[in-house]
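Scroll down for the structure; my scribbles are underneath it.
Derivation of every value follows stated rules applied to the coordinates shown; laboratory data play no part. What you are looking at is a predicted structure, and each value in this text was computed from that prediction instead of being measured. Positions of Cβ are generated from backbone atoms using ideal geometry, with glycine treated the same way; all protein chains shown enter the neighbour counts.
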Amino acid sequence: MSKNIKKQSLEELQKRRAEIYEKFMPTLRSYNQLASEALALQIEIYRRNLAHAFPEAAQEETPRVVTFPAKESPDAFKNVLDSLAEVAVERVIFDPVRAEFHVFAKPTKNER
């Protein structure tokens, strides 16, 4: 960096940022795709290892909508309930060790 960015004009900053993004965007997209694939592979590996380690346990894919600590205020709880009004809630699980409520939506179709 040749100039202190604090001393550059807004136009200079925007131009330099655009140059950098133009130069590195293909690399960033490629890294993003690789990271997504690596995460998908890791998830599948973990699922299979868990299925092998615990063959009697059911495996589900249910999105967790919110985790709500029991120590939150009644007003905060009301806000959570209001935000869940449009969600198809299927299950609420209380974790007594962490004193948290976990709210889950209906499962999505898992297309593998």
For the chain, fraction of C-alpha pairs farther apart than 19 Å, in %
71
Taking the simple approach of a point 7 Å from Cα along Cα-to-Cβ for both Lys106 and Leu41, what is their distance in nm?
3.6
The chain: angle of helix 74-83 to the longest principal axis, Cα-based, in degrees nearest 10:
80
What angle, in degrees between 0 and 90 and rounded to the nearest 10, separates the Cα long axis of helix 10-53 from the longest principal axis of the Cα atoms of the chain?
30
Spacing of the two label points (7 Å from each Cα toward its C-beta) at Lys23 and Leu84, in nm
5.0
Below 22 Å Cα-Cα, how many Lys pairs turn up in the chain? Only count pairs eight or more apart in sequence, or on different chains, if you could.
6
Residue span Glu56 to Ile93: 0.36 nm per residue of separation minus Cα-Cα distance leaves a gain in nm of 11.2 nm
The distance between the Cα centres of segment 39-70 and segment 5-21, in whole Å, is 44
